[in-house]
Structure formats: structure tokens, C-alpha cells
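This report concerns only the one structure given below.
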Amino acid sequence: MNKQNTQIRGLLLRGVSLLCILCVTVAFSLTVSTENASAYTTAQLKKSVATDSITTGSKTCGDYFKLTTEGSYINVEFKHEQDYSAGLSPRLIQYPLPSNSVRKDTIVSGSSSSRNTIIENPSGLAANSTVYFSYDCSNFADGTYYFRICGNKFAAESAAGLTDYPSLFAGVKVVIKDGQPTLHKFANISSANKTLANSVSYTKSKTKSLSDYRYQLFYKKGTSSNPRKISATTEANYYKKISDKIVKDAGATTNYEKAYAIFRFVAGNFYYDNNAIANGRSAYDDPYYNLKYQQNKTGNSYNAYNGKVALHCDGFAGIYTALARAQGIPTRMVYGHKIVQGKTSWEVETATLLKKNNHTWVQCRIGGRWVNIDPQQGSSNTYGSATSKTDKKWKKSSIIKNYYFDISYDQFAATHKFIKLVI
């Protein structure tokens, strides 16, 4: 009997051991799959697949774009909230940029059943309208291009000294053969981004003081060590006060509308700090004090002047996170790689660059999904020049790039690669 009990105990121990090994293996494989979700090779990241249409944005808030193809045309449905009566400037761009890459832009007005009138400024570009137009690709040589839609330069942009056309929509890969365009999406990047976003349930996404980002946002000016102590209740109450006013002024009631109103506020009222880049200094990203500078119209010798405040992407994301969490919207900062359409593409990125953590944006949990939002890229405002140490000009644009609110994963993959959700 004792011998039999010994054998049974042995079998049980071996079973438990095997079960433990299996659990460890499964846990390890899950960890690896999460970590490797964004660890594609350069070739895999560059790979794209043809698609019938590209849609991004929402008809509820912000800008909505839907692109399809028909014959030699790229058809565009564009619902927008800003006034583009000065006209649109769609274009196809190649990488690296050949000397003749920018063509004279023409728009064919009308619905999909009527495209026979070519005009420079199509009707229906007043605020809060939907416009339909088509872009003719028949005269383009075979090759790979990227499609952008810009707004023509407005008087406000000229007065501010802004030379670039505001980019309203960017990043769709287009392959042209025999004058026929095909839309493409980066399925590998999109899949990796989704997997990583859904694999991490960030439990601190409601922390209203932002103490979970103490080591990312709350350093003293010009330093990258010894973050300051956070007065949790005082700072959370201040964020709530400002946030309440923003959503009230916008008439926002749902979480989606509130998130959009906060995006418009952050993108419209803060500036990208090119001066910090030129002078090789760290940006000052403390959301509490930067909001105070902006609200009280005060300044300092570092990044603020008379209520104008200059930040880098962390600063934009931090302020957005603080204001969104103040409304009870779970929000988290996302760290990853950003390419700039108009200057580069996944086609020409190197393996080193693809692994570089060089950008920060946010995700809000709304309606059971994580909504992709990039408040820094949504802003057209700049401070200084990235190449001049002495340039301290504040340039405010009349255009907020609403395209960067609620970008679909397929479209976000053209410009953003997730690396991590928690540092």
C-alpha cells in the first residue's frame, strides 16, 4: 500500500511540475508575443497590401476622410469643420523626392457621378460641410507615391510667417501602374499597433494627478533628473477646473465630444518648441505649470511668453492626458516612432530609426475601444526654428489638423509605430 501511495505521489508531483512548466511556457510566450508585436523587420514594416478604401476620422467630430479608387481617379469624401474657402491642394509625393515630384494640382468637383468640371476652388469648402472631389492619376509615371491633401495658404498663415501649406490629410500609399492608382495600407504595422494597444490594460489611466508619469513630465526646467513632488489633490482640481471650462464652452456632452474638445484646445493653444531643438536643450513638459502659464497669460525665460507656451510631444501629450482624465476619460500616453510624411516614408526608414522611440501621443478609452489621438501633430503652431539658435518667433496658425483625432489603425500605421505604452 505504501509503495502504491509513493507511486501516486510521484505521478502527482510530475504532473504538477509539468503543469508549472506549461504555465511558465505559456506566460513566456504571451510576454514574447506582446513584446514582439511591434518588433517587425524593416522589410516586414515596408510591406503593404492593396485595399479598396481608406477611412479615418469620424462624422461625429473632427475631420472625416474616405478614399476610394475608380479608373484613373482617387475619389475623396471629406467632411470638415474648418473654412477652406481658399482651396485645397492635393498632391502625390515620391520618396526620395525627385525634382519634379510636386505637380500642378487640379481638383475635379462633384460627386462620383459628375466629374467633368475642373476648378481651382471647389464649392462646398465652407466650415461644417462635406466635399467630394477626385484626383486624376492618369499622367503619373508608374511607381509608388504618397497622397496628401493640404489647405491652400490663408492670410492668417502668411501674416504669421508660416510658409508651409497646412497638411489636412497625409500618408496614404498609392501604387500607380498604367495610370491606374491602387490604395495600400501597412497591415503589419497596423496589426502590431493593435496587438500592443490591446495587450496592455493600463490600470493607472484614470490617475488624475498624473503621478504615474512623474518621471516623464515633472522635471525641473533644463534637467532630466529629480522630478518635483506632485501635490495630487491641488493639481487634479486645477486640471478639472480648466477641463470643465473647455468642454462647457464646446457644448460637449459625450466622452467622445469631450475628448475632441480637449484635442482642439491643446492643439490650438500650444506651440511646438523648435527653439529647444536648435539650442540643444530639453523641453519643459510639466503640464501643471505649463497650463498655468497659458491660462494666466504669464511667461518665463524658458518656454513661455505672455501666455504662449512651447512644448515637445511629451508636453502636448501630458496636458491632454491631464485634461481628459479630469473628465473621467481613461487616457494613457503612447511612446513610439513617428515618420513625417512629406519628408520620408517607411520605404526609406532604416532599421535603426524604426526602433527609435522619438514621439509621444495618447489613447483615450471611449466606447470600448482605444481612440488614437496625436495633439502635437494636430497643432500647426511653432516657436522658433530648429536650425536657428536666435529665432524666437511665435507663429500661430488658423488651422488645427483635426485629422489627428481618432485616426483609424490602418491609417495611423502610415505614420506611427507603437513601441511601448508604459515606460
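One table, with the values for the structure above:
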read-out: Candidate set from region 33-67 (those that are open to solvent by 40 Å² or more (accessible area, probe 1.4 Å), assigned to a strand (DSSP E or B) and among the hydroxyl-bearing types (Ser, Thr, Tyr)); member that is modelled with the lowest pLDDT; value: Thr55
read-out: Members of region 165-179 found to be charged (D, E, K, R) and either at pLDDT below 85 or closer than 19 Å to Asn139 by Cβ (or both), listed by number; value: Lys177, Asp178
read-out: Close pairs from region 39-65: first touching a residue at least 60 places away in the same chain (Cβ under 8 Å), partner open to solvent by 60 Å² or more (accessible area, probe 1.4 Å) and among the basic types (Lys, Arg), Cβ under 6 Å, at least 6 apart; value: Thr55/Lys66
read-out: In region 203-218, the residues that are buried (at least 19 other Cβ atoms within 10 Å of the Cβ) and of a type in the set (Phe, Trp, Tyr); value: Tyr213, Phe218
read-out: Some residue of region 326-341 being touching a strand residue (DSSP E or B) at 6+ places or on another chain (Cβ under 6 Å), open to solvent by 10 Å² or more (accessible area, probe 1.4 Å) and assigned to a helix (DSSP H, G or I); value: no
read-out: Matching residues in region 352-367 - criterion: being part of a helix (DSSP H, G or I) and over 27 Å from Leu92 (Cβ atoms); value: Thr352
read-out: Close pairs (8 angstrom Cβ cut-off, 6 or more residues apart or separate chains): touching a residue at least 12 places away in the same chain (Cβ under 8 Å) in region 294-314, open to solvent by 50 Å² or more (accessible area, probe 1.4 Å) and hydroxyl-bearing (Ser, Thr, Tyr) anywhere; value: Ala304/Thr298; Gly307/Thr298; Ala310/Tyr272; Leu311/Tyr272; His312/Tyr272
read-out: Subset of region 368-422 [farther than 30 Å from Ser301 by Cα and assigned to a loop (DSSP other than H, G, I, E, B)]; value: Gly368, Asp406, Ile407, Ser408, Ala413, Ala414, Thr415, Leu421, Val422
read-out: Some residue of region 259-269 being at pLDDT 95 or above and touching a Cys at 6+ places or on another chain (Cβ under 6 Å); value: yes
read-out: Any chance Ser225 is in a loop (DSSP other than H, G, I, E, B), open to solvent by less than 70 Å² (accessible area, probe 1.4 Å), of a type outside the set (Val, Ile, Thr) and touching a Pro at 6+ places or on another chain (Cβ under 7 Å); value: no
read-out: Whichever residue in region 248-276 is over 15 Å from Ile373 (Cβ atoms) and assigned to a helix (DSSP H, G or I) and, among such residues, is most open to solvent (accessible area, probe 1.4 Å); value: Lys248
read-out: Subset of region 277-308 that is touching an Asp or Glu at 6+ places or on another chain (Cβ under 9 Å) and modelled with pLDDT of 95 or more - its residue that is least open to solvent (accessible area, probe 1.4 Å); value: Pro287
read-out: Condition met for Tyr383 (touching a Phe, Trp or Tyr at 6+ places or on another chain (Cβ under 6 Å), buried (at least 17 other Cβ atoms within 10 Å of the Cβ) and farther than 27 Å from Asn279 by Cα); value: no
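The values are calculated or read from the model by the stated rules, or taken from the named source; none is laboratory data. No experiment lies behind these values; they were computed from the predicted model shown. Backbone-built Cβ (ideal geometry, glycine too); neighbour counts: all protein chains shown. Quick note on the areas: whole protein, heavy atoms, side chains included, nothing else; ligands and nucleic acids left out. Shrake-Rupley method; radii C 1.70, N 1.55, O 1.52, S 1.80 Å.
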